[in-house]
Structures are given as structure tokens and as C-alpha cells.
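Asker: Please find one structure pasted underneath; my questions will follow.
The values are calculated or read from the model by the stated rules, or taken from the named source; none is laboratory data. Just so you know, these numbers come straight off a predicted model, no measurement behind them. Every residue, glycine as well, gets a Cβ built from its backbone with ideal geometry; the counts of neighbours run over all protein chains shown.
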Amino acid sequence: MTRAARHRAFAGLALGLSATAGLAQTQILEFTYSCDRGVELSVRFVNPPSEPGIAVMGIEGKLVALRAVPAASGVRYVATDEQDSYRLYTKGREAFVTWMAADHTAGEVTILDGCRAPQ
């Protein structure tokens, strides 16, 4: 996917924030994580002051929109499309990605591990 296409998708997702989110106070971060096997993972995070965060992750040749959900430690992002159920787990500058089939009996499978964002 081209950089311009990524920016359009990200802008569309960011515009989905409610008007009360205070876009001027919204924190937008972009990280390129270096993962095991030399894989790079590009993620943009949108953290509004009064709503759960969202993220857009470029993985396997597509953009995946995710929403933040409660986690015991760090932040867990779950794909908004239940049929393409990626999950991104972050804590500080570290991350890993899992995938779970739409089948209710399926378990999560780690597809990217050991991801670190530069300091």
C-alpha cells in the first residue's frame, strides 16, 4: 500500500473521532517497530483525551484499524473488523501482534513478536 493511501486511511479513521474528543489535544504518534525476523511494523496511534485510543497498523500488505480495549498491563488494540481479527499488544516501546480466526473456538496465534520502537 502506498504512503498516500495509508495517510488517507489514517485521516478517515481520525475523522471518526467525536467532535467532543478535542482534536487539538489529541496525541498522534507514529512508530515503526523492528520485529523478529527483520520485519518492520508501522503503526499510527491516535490518543484523544477523553475516549479510548485507536490505531492503524500496516501488516500483511493491508491497513488494519484497531481500537484500544482494557488490558492488565500496557495497551491492547483489537481490530475493528471481527473477520480480520488482529490484536496489537503494546507496553512502552515494545509490542507484539496476534491473530485470531472468527471461529469462537479459535485461539490467538502470535504472528509478530519481539517488536521494539526506536528510542
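Asker: Identify the single condition in (1) small (Gly, Ala, Ser); (2) in a loop (DSSP other than H, G, I, E, B); (3) crowded, with 19+ Cβ neighbours inside 10 Å that residue 71 does not satisfy, given that it satisfies every other one.
Answerer: For residue 71, the failing item is (3).
Asker: Let me ask something else about it. Residues to consider are 65, 102; find the one that is surrounded by 18 or more Cβ atoms within 10 Å (Cβ to Cβ) and in contact with a helix residue (DSSP H, G or I) (Cβ under 8 Å, 6 or more places away or on another chain).
Answerer: Answer to the selection: 65.
Asker: Taking region 100-119 on its own, how many of its residues are in a strand (DSSP E or B) and at pLDDT below 95?
Answerer: Of the residues in that region, 2 qualify.
Asker: Which residue pairs have Cβ atoms closer than 6 Å, lie 6 or more positions apart in sequence or on different chains, and pair a first residue in region 106-118 that is charged (D, E, K, R) with a second residue that is surrounded by fewer than 15 Cβ atoms within 10 Å (Cβ to Cβ) and in a strand (DSSP E or B)?
Answerer: Qualifying pairs under 6 Å: 116/34; 116/94.
Asker: Now, a different point. Of the conditions (1) at pLDDT 90 or above; (2) exposed (fewer than 13 other Cβ atoms within 10 Å of the Cβ), residue 46 fails just one. Which one is it?
Answerer: (2)
Asker: Please determine whether any residue of region 52-68 is more than 18 Å from residue 27 (Cβ to Cβ), under 10 Å from the mean Cα position of the chain (by Cα), in a strand (DSSP E or B) and not aliphatic (A, V, I, L, M).
Answerer: yes
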